[in-house]
Amino acid sequence: MKLDGRIAIITGAGSGMGRAMAQEFVANGATVVAVDVRTDPVAETVKLLDDGRSVAQTADVSSRADVERVVTEAVERFGRVDILCNNAGVLDDYTPAHETTDELWNRVIGVNINGPFLFSRAALTPMLEQGKGVIINTASISSFVAGGGGAAYTSSKHAVLGLTKQLAFDYGKRGVRVNAICPGAIHTGMTGHLMTADGRNPHVDAAIAATPAGRWGKPEEIAHMALFLASDEADFIHGAAFTVDGGWLLP
Ligand code: ADP
């Protein structure tokens, strides 16, 4: 199996893309440290994994203390960290800058970019000691263009690509590969709450209809890309950003 024996930390594993990644990784031989700020959903993920090894961790990715505890406990329990998926994220509900409060800005920046920085910094210690590691950041089509989010979300997701590139540049020669996945509109808890009762999302429905795929993406479709990037088959891929967006960015 592609990830036999690997230890993977996946953030935002309580639902959506993070849960799908956890399932895909365990199905391919990995053991997962499933991290989420919400305790019950992440416990449910580990229950679904049902592999007798993976563990749930309640942690806020924007908290340095939480992040360092998760990495320390992963190393204590499993002896290593092979893969880190910085996937936890929050949306800003398409709020334009003039309506963005300090609280909203700080929360979105805290989770979406401080989180990946804090977790990468912490996980790099065991990865550099091992001389091998993989970091996969969940970026977004909002890493390239405006319109898929508001000011805070789009800024944070642009920053995720900057972090991806710099980490890839600094650590590739020391065995750590860093890449980003840029999902388009994926049907998850994050987007689900913006749906109307009849299943429409006025912010993105027209844009989705105009894409070649013409539909929402599924979390598993992001997990497939994460599996590939985590595997040794992606050994030549450093600092890249893969859009998995049904063709959203084509026009
Ligand atoms: P998506 O899969 O599109 O990212 P979801 O909302 O389904 O959307 O998943 C995001 C996950 O990230 C949720 O389970 C959410 O609880 C988690 N999350 C949000 N903020 C944090 C945080 N500060 N720390 C850890 N996990 C978080």
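Given the condition open to solvent by 50 Å² or more (accessible area, probe 1.4 Å), of a type in the set (A, V, I, L, M, F, W, C) and under 15 Å from L91 (Cβ atoms), answer yes or no: does some residue in the range 160-171 qualify?
The answer is no; no qualifying residue exists.
Out of the range 94-110, which residues are surrounded by fewer than 20 Cβ atoms within 10 Å (Cβ to Cβ) and within 23 Å of A59 (Cα to Cα)?
D102, E103, L104, W105, N106, R107, I109, G110
Residue by residue through the range 171-199, note down the ones that are hydroxyl-bearing (S, T, Y), assigned to a helix (DSSP H, G or I) and either within 8 Å of the ligand (Cβ to nearest atom) or closer than 19 Å to G247 by Cα (or both). Talk me through it step by step, then tell me what you get.
Taking the range 171-199 first, the residues hydroxyl-bearing (S, T, Y) are 171, 188, 191, 196.
Retained after the next criterion (residues that are assigned to a helix (DSSP H, G or I)): 171, 191.
Answer for the range 171-199, where residues must be hydroxyl-bearing (S, T, Y), assigned to a helix (DSSP H, G or I) and either within 8 Å of the ligand (Cβ to nearest atom) or closer than 19 Å to G247 by Cα (or both): just T191.
Report the residue count in the range 59-73 for those that are open to solvent by 30 Å² or more (accessible area, probe 1.4 Å) and either assigned to a helix (DSSP H, G or I) or of a type in the set (K, R) (or both).
7
Return the residues of the range 1-58 that are within 8 Å of the ligand (Cβ to nearest atom) and either assigned to a strand (DSSP E or B) or surrounded by fewer than 23 Cβ atoms within 10 Å (Cβ to Cβ) (or both); say none if nothing qualifies.
Those that are within 8 Å of the ligand (Cβ to nearest atom) and either assigned to a strand (DSSP E or B) or surrounded by fewer than 23 Cβ atoms within 10 Å (Cβ to Cβ) (or both): T11, S15, V35, D36, V37, R38, P41.
Given the structure, is R80 open to solvent by 70 Å² or more (accessible area, probe 1.4 Å), touching a residue at least 60 places away in the same chain (Cβ under 8 Å) and within 30 Å of D4 (Cα to Cα)?
Considered against the rule, which asks whether it is open to solvent by 70 Å² or more (accessible area, probe 1.4 Å), touching a residue at least 60 places away in the same chain (Cβ under 8 Å) and within 30 Å of D4 (Cα to Cα), R80 comes out as yes.
Just one of G192, G246 is open to solvent by less than 40 Å² (accessible area, probe 1.4 Å), closer than 20 Å to V145 by Cβ and out of contact with any Asp or Glu (no Cβ under 8 Å at 6 or more places or on another chain); which is it?
Numbers: G192 fails: closer than 20 Å to V145 by Cβ.
Answer to the selection: G246.
Which of the residues belonging to the range 111-152 are within 15 Å of the ligand (Cβ to nearest atom), of a type outside the set (A, V, I, L, M, F, W, C) and open to solvent by 20 Å² or more (accessible area, probe 1.4 Å)?
Within the range 111-152, just N114 meets the criteria.
Taking the residues in the range 202-227 that are assigned to a loop (DSSP other than H, G, I, E, B) and within 13 Å of the ligand (Cβ to nearest atom) as candidates, determine which candidate is modelled with the highest pLDDT.
K218
The values are calculated or read from the model by the stated rules, or taken from the named source; none is laboratory data. Quick caveat: nothing in here was measured; it's all calculated off a predicted structure. Cβ sites come from the backbone with ideal geometry, for glycine too, and all protein chains shown count toward neighbours. These accessible areas exclude ligands, DNA and RNA; they are computed on the full protein's heavy atoms, side chains included. Shrake-Rupley method; radii C 1.70, N 1.55, O 1.52, S 1.80 Å.
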